[in-house]
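Here's the structure, in structure tokens; my notes come after.
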Amino acid sequence: MATLNNHHVFFFFSTRKPTKPISYSTPSTKLLLFSQSKTNRKVIKSIAEDKEAVTEKISVSDIKADEENGSESKEEYVAGTEKFAGKAINASIVLGFGTLAVTRLLTIDHEYWHGWTLYEILRYAPEHNWIAYEEALKENPVLAKMMISGIVYSLGDWIAQCYEGKPLFEFDRTRLFRSGLVGFALHGSLSHFYYQLCEALIPFKDWWVVPVKIAFDQTVWSAVWNSIYFVVLGLMRFESPANIFDELKTTFVPLLTAGWKLWPFAHLVTYGLIPVEQRLLWVDCVELVWVTILSTYSNEKSEARISDTSSEVDPNSPSKKQ
């Protein structure tokens, strides 16, 4: 292998072009660096804007979700408060009237109680209450019967609501008031005059009188009274005449035939044993069962129609979501 002498070495290094250092002061270099830095700034700015947009979108959605949750919790709180207030009012009504009734029944002889034993109070209270009732019939028979019918129709509607599945103290006060008002204003007074008219139309005392009166009662009078009850309750619910007529047409025959399963046996006592002035009291005792049936028939279609209307108005109702 030949060795390089000094001349060759000198020639080799002298013929290579020395590398020129990069100058940052030239215009082209400055333009290149400026464009790169500008591009970087644009990229950074775009990333920052995207991040702000995402953050803003997330924060807006979180705010909307919080507002919706807050409104739902507020509605639940208001509904729970109203439900509790309604139960408290209903419980106060029931306990108040119950206490008043028991007190009035037990204190009939309060001015004679001095020295009486508990047995004597319980022994004479029913008898003396009956005497007070007969005296009220003599003084104002129509008002006394109206009061009894109003109480019975209120209790009957309460029993009907409990039978339909409502809790004991969550009954519909408006519905109960309507039924009691119909019993007070119409049933008591009309029944008083009906029994007087029935005695005037059939004054005989033969054995066949009882079945004839029962047949008349369970055809003419039942049809008249059931119709009155349905029409008046419908008007008090502010329903249209067409709806009232449809409900009456639908329930007329079922109610009439349902009465034939109960009233003929009860009226064997009504027309066979009880004097005309005390008949309504016995009938009202049986009416506790009958008003339950009447109230259920009268209100079930109306409440179903109201429920359907409210579900159509409310788009968030379960029926709409399904």
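Details
- For THR107: the one exception among (1) over 33 Å from the mean Cα position of the chain (by Cα); (2) under 21 Å from LEU233 (Cα atoms): (2)
- Any hit, region 149-157, residues being among the aliphatic types (A, V, I, L, M), within 18 Å of the chain's Cα centre (by Cα) and either surrounded by 12 or more Cβ atoms within 10 Å (Cβ to Cβ) or more than 28 Å from PHE84 (Cβ to Cβ) (or both): no
- GLY180 at pLDDT 90 or above and either under 15 Å from ASN90 (Cβ atoms) or surrounded by fewer than 15 Cβ atoms within 10 Å (Cβ to Cβ) (or both): yes
- Test: residue in region 302-310 that is in a helix (DSSP H, G or I), modelled with pLDDT under 90 and surrounded by 17 or more Cβ atoms within 10 Å (Cβ to Cβ): yes
- Test for ALA160: is it at pLDDT below 90 and in a helix (DSSP H, G or I): yes
- Qualifying residue in region 165-172 (condition: in a helix (DSSP H, G or I) and either in contact (Cβ under 8 Å) with a residue 24 or more places away in the chain or over 29 Å from ARG279 (Cβ atoms) (or both)): no
Yes/no matrix, rows are residues, columns are (1) within 22 Å of VAL142 (Cα to Cα); (2) surrounded by 15 or more Cβ atoms within 10 Å (Cβ to Cβ):
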site	(1), (2)
TRP207	no, no
ILE228	yes, no
VAL232	yes, yes
TYR271	yes, yes
VAL286	yes, yes
THR296	no, yes
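- Members of region 247-264 that are assigned to a helix (DSSP H, G or I) and surrounded by 14 or more Cβ atoms within 10 Å (Cβ to Cβ): GLU247, LEU248, THR251, PHE252, LEU255, LEU256, ALA258, GLY259, TRP263, PRO264
The values are calculated or read from the model by the stated rules, or taken from the named source; none is laboratory data. All of these numbers come straight from a predicted model, not from anything done at the bench. Every residue, glycine among them, receives a Cβ derived from its backbone with ideal geometry; neighbour counts consider all protein chains shown.
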